[in-house]
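Everything on this sheet refers to the single structure shown next.
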Amino acid sequence: MFFSITQEKDTRFLNHQSLGDFYFNHDDGWEINKNSFFKGYKTPNISHGSWTNVHLINNGEIKISHDELRSYPLWWDDDSKILTNLDGKGESIWADTKVAIDKQKNLIKSNVDLVDSSYESIITVDEFSEWVIDNLSQKLNDFNLKYGEEILNFFPTGGIDTTTLFALLKYNNACQNINMLFNEYFYYDDFCNKNVETIRKLHWAYNQTHHWKDRSFLLSGAYGDEFWFRGPYIISLWAAWHDLDLFALLRKRNGYHVGYYLKEKNIKVFQKSFSERYQIQEMYPTYESLKSQILNINANDHQHWHLNNTLHWTPFKDLEITNKILSLPFDDILDHIIDANLNKIVIEKMSPDVIKIISQTKNVNSRDHLWKLI
């Protein structure tokens, strides 16, 4: 789902369509209907899809529509009049901003409210686990109703998020329609040969994906660390706000994430946030304001969107998961940060036999237990 809207043809792309006074340049996989271009997947709940529609309307305006939580970054360069999600320059368009280009070649922006941090009461781990199982199962069922007959691929890795997804598939008896992959595959077409190195530098998740020539879905655990509240930066804010020296605590605890958190780059994040904890507390005087900031950070954390004919199904791209977790008691959140407890509880409830394939430590010998799938 890579594109640019430009006044001259963008040579980074192989496909160029006239769109009013502009060109719409794009990767493969778009559905074209006159002056309308669509890519992605839609489900009955607009917040659960991942799609984009670029179309020319009657007054000469180019409108960009997409699912509620746009999955990719976007830049507008006012000097060159270029709008793109491929290594752009100029103004960053944040996820809570919808855009169009008017007949005078100006960018029109409108803000939407993506974040609702207003859970009034503390919830329990059991309430969260039951809610998230229902939430994910509904997404899977909606997706399967529309796209279940297409090519669906899943690559088990032994990581906590991919294993959570695997448990969801088994819980819903969905595995029989899915190709289980045990090797990585990346098809290099002309667009990838031109751009994939740049894409991988900008977006780490494209170092961890597959790519096929023909239309296929990859069922992805992307967004897991961040939207399940285990990302180093957001947990550093949460800990600092609570006067918790997370680095000091981690040196005394064991858990799935500890080794990853104690990498030098993450230690610096924890130490910086803790040293600035009074500023953080002043900036976010209430827990609701802290939650709102964390949710806004996640809304702009773009990881996997569609590449040519390979579409990514990403059910964890859901701010409500983060919001619910942040409504749990302090100790339950801390245990989850350290050992991914919430994921493990959800896995145990959905498909307890799957728990055995999780690696002991994040990103270390992650495939060590996959032989247990046999």
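The values are calculated or read from the model by the stated rules, or taken from the named source; none is laboratory data. Values in this document were obtained by computation on a predicted structure and should not be read as measured data. So basically every Cβ, Gly included, is an ideal-geometry build from the backbone, and we count neighbours across all protein chains shown.
Scanning region 281-309 for residues that are aliphatic (A, V, I, L, M) and farther than 26 Å from residue 161 by Cβ turns up just one, 283.
Considering region 188-202 alone, what residues qualify as being hydroxyl-bearing (Ser, Thr, Tyr) and surrounded by 15 or more Cβ atoms within 10 Å (Cβ to Cβ)? Once the filter is applied, which keeps residues that are hydroxyl-bearing (Ser, Thr, Tyr) and surrounded by 15 or more Cβ atoms within 10 Å (Cβ to Cβ), region 188-202 yields nothing. The strands (runs of 3 or more DSSP E) located wholly in region 1-103 that include 2 or more residues which are under 30 Å from residue 318 (Cβ atoms) occupy 3-6, 22-26, 31-33, 36-41, 50-56, 62-66, 75-77, 82-84, 97-101. Of all residues in region 151-176, those satisfying the criterion of being in a loop (DSSP other than H, G, I, E, B) and farther than 14 Å from residue 350 by Cα are 151, 155, 156, 157, 158, 159. Residues in region 313-332 that are hydroxyl-bearing (Ser, Thr, Tyr) and part of a loop (DSSP other than H, G, I, E, B) were compared, and the one that is farthest from residue 71 (Cα to Cα) is 327. Residues in region 185-202: is at least one in the same structural domain as residue 294 (by TED's automatic domain parsing), of a type in the set (Lys, Arg) and either within 23 Å of residue 41 (Cβ to Cβ) or assigned to a strand (DSSP E or B) (or both)? No, every residue in region 185-202 fails to be in the same structural domain as residue 294 (by TED's automatic domain parsing), of a type in the set (Lys, Arg) and either within 23 Å of residue 41 (Cβ to Cβ) or assigned to a strand (DSSP E or B) (or both).
Answer yes or no as to whether residue 233 is in contact with a strand residue (DSSP E or B) (Cβ under 9 Å, 6 or more places away or on another chain) and either outside any strand (DSSP E or B) or buried (at least 19 other Cβ atoms within 10 Å of the Cβ) (or both).
Values: in contact with a strand residue (DSSP E or B) (Cβ under 9 Å, 6 or more places away or on another chain): no; either outside any strand (DSSP E or B) or buried (at least 19 other Cβ atoms within 10 Å of the Cβ) (or both): yes.
For residue 233, the condition - in contact with a strand residue (DSSP E or B) (Cβ under 9 Å, 6 or more places away or on another chain) and either outside any strand (DSSP E or B) or buried (at least 19 other Cβ atoms within 10 Å of the Cβ) (or both) - is not met.
Does residue 155 qualify as being over 14 Å from residue 315 (Cβ atoms) and touching a Cys at 6+ places or on another chain (Cβ under 8 Å)? Taking the combined requirement at face value, the residue does not satisfy it.
Is it fair to say residue 10 is of a type in the set (Asp, Glu), buried (at least 17 other Cβ atoms within 10 Å of the Cβ), within 23 Å of residue 309 (Cα to Cα) and touching a residue at least 40 places away in the same chain (Cβ under 8 Å)? Yes, satisfied.
Any idea which of 269, 258 is crowded, with 18+ Cβ neighbours inside 10 Å, at pLDDT 95 or above and under 24 Å from the mean Cα position of the chain (by Cα)? One residue alone meets the criteria, 269. Just to be sure before I move on: is residue 129 of a type in the set (Gly, Ala, Ser), at pLDDT 95 or above and not in a strand (DSSP E or B) in the structure I sent? Yes. Among the residues of region 224-280, those identified as aromatic (Phe, Trp, Tyr), in contact (Cβ under 8 Å) with a residue 24 or more places away in the chain and more than 22 Å from residue 162 (Cα to Cα) are 238, 241, 247, 270, 274. When residue 289 is tested against (1) over 29 Å from residue 211 (Cβ atoms); (2) hydroxyl-bearing (Ser, Thr, Tyr); (3) surrounded by 20 or more Cβ atoms within 10 Å (Cβ to Cβ), exactly one condition is not met: (3).
Among the residues of region 186-207, those identified as at pLDDT 95 or above and over 15 Å from residue 2 (Cα atoms) are 186, 187, 188. When residue 59 is tested against (1) under 26 Å from residue 96 (Cβ atoms); (2) in contact (Cβ under 8 Å) with a residue 24 or more places away in the chain; (3) surrounded by fewer than 19 Cβ atoms within 10 Å (Cβ to Cβ); (4) within 28 Å of the chain's Cα centre (by Cα), just one condition goes unmet, and that condition is (4).
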